[in-house]
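Have a look at the structure below, then the notes.
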Amino acid sequence: MRTYYFDLRGGIPQRDHYGIRFATDDVAIRHSQVVANNIRKDARVTRNDLYVVVIDESGREVHREEVFPSISPAA
């Protein structure tokens, strides 16, 4: 199990100083999707340029999850 940190970026960055232990990168990435979804549902959030950055215990960026994904028009 490795520790993963879930920083919020965009606007004023917020660092995760505690982290959560997960068995794999994939599980940590799925958790970042849940975190982004929870932020998306929060009516107090007004910025649309936020994303959750997953960082492993070595400091490597594993994934970036957009909180408000861009929706491109159908071609």
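Overview of values
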{"quantity": "Enumeration of residues in the range 1-18 that are in a strand (DSSP E or B) and within 14 Å of V52 (Cα to Cα)", "calculated": "Y4, Y5, F6, D7, L8, R9, Q14"}
{"quantity": "Residue among R21, R30 that alone is over 14 Å from the mean Cα position of the chain (by Cα) and either part of a strand (DSSP E or B) or modelled with pLDDT of 95 or more (or both)", "calculated": "R21"}
{"quantity": "Positions within the range 23-55 being in contact with a Phe, Trp or Tyr (Cβ under 9 Å, 6 or more places away or on another chain), within 21 Å of I12 (Cα to Cα) and of a type in the set (D, E), in sequence order", "calculated": "D49"}
{"quantity": "Positions within the range 52-70 being at pLDDT below 95 and among the polar types (S, T, N, Q), in sequence order", "calculated": "S70"}
{"quantity": "Where V45 falls short, out of the listed (1) assigned to a loop (DSSP other than H, G, I, E, B); (2) hydrophobic (A, V, I, L, M, F, W, C); (3) in contact (Cβ under 8 Å) with a residue 24 or more places away in the chain", "calculated": "(3)"}
{"quantity": "Test result for Q14, in contact with a strand residue (DSSP E or B) (Cβ under 6 Å, 6 or more places away or on another chain) and at pLDDT below 95", "calculated": "yes"}
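The values are calculated or read from the model by the stated rules, or taken from the named source; none is laboratory data. Fair warning: this is a prediction, and the values are worked out from it, not measured in the lab. Glycine also receives a Cβ, built like all others from the backbone with ideal geometry; neighbour counts cover every protein chain displayed.
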